[in-house]
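The values are calculated or read from the model by the stated rules, or taken from the named source; none is laboratory data. Not measured: the values here are computed from a predicted model. In this analysis, Cβ positions are derived from the backbone assuming ideal geometry, glycine residues included, and neighbour counts consider all displayed protein chains.
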Amino acid sequence: MTKGSDLLVAALENEGVERIYGIPGEENLDVVESLRNSKIELVLTRHEQAAGFMAATHGRLTGQPGVCLSTLGPGALNFSTAAAYAHLGAMPMLILTGQKPIHSARQAQFQIVDIVGAMRPLTKMTRQIVAASTIPTMVRDAFRIAVEERPGPVHLELPEDIAAEEADAPLVPPHPIDRPYPNPAALERVAKMILGAKTPLIMIGAGGSRPHLVEPLSDFVRRLKIPFFNTQMGKGAVTGGSNLYLGTAALSERDYIHDAIDRADLIIAIGHDTVEKPPFLMGRALGGRKVIHVGYVSAKVEEVYHPDAELIGDIGASVSALADRLGGRIAEQAAMLELRQEILAKINDRCEEARFPVTPQRLVHDIRAVVPEDGIVCLDNGMYKIWFARNYRTRVANTLLLDNALATMGAGLPSAITAKLLNPGRKVLAVCGDGGFMMNSQELETAMRLKLDLVVLIIVDSAYGMIRWKQAVDRFADYGMTFGNPDFVKYAESYGAKGHAVAATEEIIPTLKAAFDAGGVHLVAVPIDYSENMRVLIEELGNRKVEVE
C-alpha cells in the first residue's frame, strides 16, 4: 500500500516532471514530504500567481505541462490569473491545489472555497480527487488533456485526507500519440488554390509557434519561398535568417505590413488563433482576397476572421505535405520582396535616434544588439509590447515571449525565471514596465535564491502607459494613471541584486553587456519617451490610406 501523496509524486515523475513551482500550505504537507523524498525540485515562489506564470511558461517552451502547487482557498484563487493566461495562450499546465479533508469537517467551512467550480471556466479540465487509488489514472488523463490541441491548463484538487490515504494503484505509462493527418482531398484543394494565386502570402499565428512545429514550418517557408508575416504570438515560429519575412502584424490595420496584406490575393493562415487581437480585418477591408486556414482544428468563425477553405490536421504534417506538392512550383514574388525592404525600412525609422529619455525604437534596437540570437527576451505587458512586436527581429524560434491573448501584467519576471531554469546556458532578459514589474517584483528574491544569471530591464514612465496613451487617443483628460516608483537601484540591492540606472541613451548597450557578463541578478532601469506612440501609431499610421477593393 502507498500513501496518496506518494502516488501523486510518483505519477508526476512518471510524466517526466522535474520541477514544481508554488507555495504549499497546511493541506499540502503530505505532498511536500513526498516531494522531499523524490527527484522533483520544489521551486518556492513568493506569490502563487508568479508560480502559475512560471508553470505556464514551462509549458509554452517545452510543449509539456508545467506544474504549480498551492494550498486551498486564497492560495488556490491566486492561480486564477495564471490559469486564464495559460488557457487563452494555449500553454499546457497542471495546477495542483490542496483542500480540507472531505471525509470529516473538523474545521467546518474555514478557508473552504469551491476551487473546482472556480477553475471550470479557466481550464480544460478540473477535478477533485476523492480516492487515492484513482490518482495515477487522473494524473495521466490530466497530462493527456493538457497537451492535446488546443493545449491549456488542467486542475486537480487533492484533499488532505486523500493525500494521507493508503492505496494500491499501478502507474499508467505515457505512450506516443500519432497526430491526425490532413485529408488528401483537402490537401489537393488547398494546393490548387495556392498554385492559382498570383500573390500568395503566409501568415503564422499563435498555433504555429508550438515547439514541435519549428522544423516543419521553417522547411515549409524555405521550400515554397512564399513571403510570410506573423501575428504577435506567432513571432519567431520560423527559425533561421530569411529574405521572406515581411514583419509582424502588431496592429489590426494601417501599419506598413498591411501594404503586403492588401496586395495579396491569398493568405495562408497557419495556426491562427482568434484569441489574439486580429492581425488583419476580413470583410470589406480584405476585398476579394481569399484566406486558407491551416490548423489542428477548424477555424473559429469571427466577424473579422472567416476563412474560405480549411486544411485540418496536425499542422506539421499539413505544411510538410503541402511543401512536397508545391516545392519549386511557386513563382518568386519580386514585387512583394521589394515591398519588404520598404516595410522594414519604415519600421526601423529613427531606431538609432540618440535623444533621452530613450525612444521605444532605439530601446528595441539596442536590446537586439546585445541579446545573442539564441537569447530569450520575456516581455511583460505594456505599451512597449507593440514596439517589440513590430521591431524586434528573431532568427531562433521561441526567443521572444510575449502574451497577446490574456495580455496580463505581471508575467514578465516569472516567465524569465522559468526560461532561465530551462535554458541555463542562454542569456535571458525580462523586459517589464514599471507598472507590471511591481506586480510580481518580489520574485527577485526567488531569482536570487535560485542563483540565476538574469537581467531585468524596467521601462520607467511612472504610469500605466498603455492605458494612459489610449486615454489620450480617445481625448479623455489625463487622470488616474500615474504613480510613484521606488529607487530601483536600491530596491534591487535590498534583495542582494545589482541595480543600474541608465542616465543616457548611449549607456544602454554597455550597461546591459556588463550585466550579462557579470552574472547574477541585475535590474536595469531605463526612462522612456513615449511621445513616439502618438507620432507613429496615431499620426503617421492614422494618416495612411486603407486600401479597399
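Is it true that some residue in the stretch 131-145 is under 30 Å from Leu322 (Cα atoms) and either without any contact (Cβ under 8 Å) to a residue 60 or more places away in the chain or among the acidic types (Asp, Glu) (or both)? Scanning the stretch 131-145 turns up at least one residue that is under 30 Å from Leu322 (Cα atoms) and either without any contact (Cβ under 8 Å) to a residue 60 or more places away in the chain or among the acidic types (Asp, Glu) (or both). Residues that are within 18 Å of Tyr85 (Cβ to Cβ), among the small types (Gly, Ala, Ser) and touching a residue at least 40 places away in the same chain (Cβ under 8 Å) within the stretch 390-411 comprise Ala405, Gly410, Ala411, listed in sequence order. What's the number of the condition Leu454 fails, among (1) surrounded by fewer than 24 Cβ atoms within 10 Å (Cβ to Cβ); (2) closer than 22 Å to Phe488 by Cβ? Failed condition: (1).
Look at (1) closer than 29 Å to Thr418 by Cβ; (2) modelled with pLDDT of 95 or more; (3) over 25 Å from the mean Cα position of the chain (by Cα) and you find that Arg120 fails only one, number (3). The residue that is surrounded by the fewest Cβ atoms within 10 Å (Cβ to Cβ), among those in the stretch 169-221 that are among the acidic types (Asp, Glu) and in a helix (DSSP H, G or I), is Glu188. Of the residues making up the stretch 286-317, those that are part of a strand (DSSP E or B) and crowded, with 21+ Cβ neighbours inside 10 Å are Val291, Ile292, His293, Val294, Gly295, Tyr305, Leu311. Considering each residue of the stretch 260-275 in turn, at least one proves to be outside the structural domain of Arg390 (by TED's automatic domain parsing), out of contact with any His (no Cβ under 7 Å at 6 or more places or on another chain), acidic (Asp, Glu) and surrounded by 17 or more Cβ atoms within 10 Å (Cβ to Cβ). None of Asp262, Asp255 is under 26 Å from Arg189 (Cα atoms) and of a type in the set (Asp, Glu) except Asp262. Regarding the stretch 318-338, can at least one residue be identified that is in a loop (DSSP other than H, G, I, E, B), modelled with pLDDT of 90 or more and hydroxyl-bearing (Ser, Thr, Tyr)? Checking the stretch 318-338: not a single residue is in a loop (DSSP other than H, G, I, E, B), modelled with pLDDT of 90 or more and hydroxyl-bearing (Ser, Thr, Tyr). Only one of the numbered conditions (1) of a type outside the set (A, V, I, L, M, F, W, C); (2) touching a Phe, Trp or Tyr at 6+ places or on another chain (Cβ under 6 Å); (3) without any contact (Cβ under 8 Å) to a residue 60 or more places away in the chain is violated by Tyr479, and that is (2). Can you give me the ranges of the helices (runs of 4 or more DSSP H) entirely in the stretch 48-96 with at least 3 residues that are under 15 Å from Val17 (Cα atoms) and not assigned by TED's automatic domain parsing to the domain that holds Gly271? By residue number, 48-62. May I ask you to say which residue of Gly73, Gly66, Gly89 is farther than 22 Å from Arg150 by Cβ, buried (at least 19 other Cβ atoms within 10 Å of the Cβ) and not β-branched (Val, Ile, Thr)? Step by step, each of Gly73, Gly66, Gly89 is checked, and only Gly73 is farther than 22 Å from Arg150 by Cβ, buried (at least 19 other Cβ atoms within 10 Å of the Cβ) and not β-branched (Val, Ile, Thr).
Would you mention how many residues in the stretch 370-410 are under 24 Å from Asp453 (Cα atoms), in a helix (DSSP H, G or I) and within 16 Å of the chain's Cα centre (by Cα)? Number satisfying all stated conditions: 3.
Of all residues in the stretch 8-37, exactly one satisfies the criterion of being buried (at least 21 other Cβ atoms within 10 Å of the Cβ) and either free of Cβ contacts under 8 Å to residues at least 12 places away in the same chain or over 21 Å from Ala55 (Cα atoms) (or both), namely Asp30. Checking Glu493, Glu507 one by one, the residue that is buried (at least 16 other Cβ atoms within 10 Å of the Cβ) and over 28 Å from the mean Cα position of the chain (by Cα) is Glu507 and no other.
The lone criterion from (1) acidic (Asp, Glu); (2) more than 27 Å from Ala10 (Cβ to Cβ); (3) assigned to a strand (DSSP E or B) left unmet by Glu157 is number (2). Being farther than 18 Å from Lys385 by Cα, outside the structural domain of Thr45 (by TED's automatic domain parsing), modelled with pLDDT under 95 and not β-branched (Val, Ile, Thr) is a description that applies to Gly542. Suppose the filter is polar (S, T, N, Q), surrounded by 24 or more Cβ atoms within 10 Å (Cβ to Cβ) and either within 18 Å of the chain's Cα centre (by Cα) or not in a helix (DSSP H, G or I) (or both); does Thr418 pass it? Yes: the conditions hold for Thr418.
For a quick check of your reading of the model, give me the residue pairs whose first member lies in the stretch 532-544 and is more than 14 Å from Lys470 (Cα to Cα), whose second is modelled with pLDDT under 85 and not charged (D, E, K, R), with beta-carbon atoms closer than 6 Å and at least 6 apart or on different chains. Once the first residue is more than 14 Å from Lys470 (Cα to Cα) and sits in the stretch 532-544, no partner that is modelled with pLDDT under 85 and not charged (D, E, K, R) comes close enough. Number of residues in the stretch 229-277 that are within 16 Å of Ala397 (Cβ to Cβ) and either assigned to a loop (DSSP other than H, G, I, E, B) or not aromatic (Phe, Trp, Tyr) (or both) equals 17.
If I go through the stretch 318-343 residue by residue, how many of them are among the hydrophobic types (A, V, I, L, M, F, W, C), surrounded by fewer than 17 Cβ atoms within 10 Å (Cβ to Cβ) and more than 30 Å from Tyr181 (Cβ to Cβ)? Qualifying residue count, the stretch 318-343: 3.
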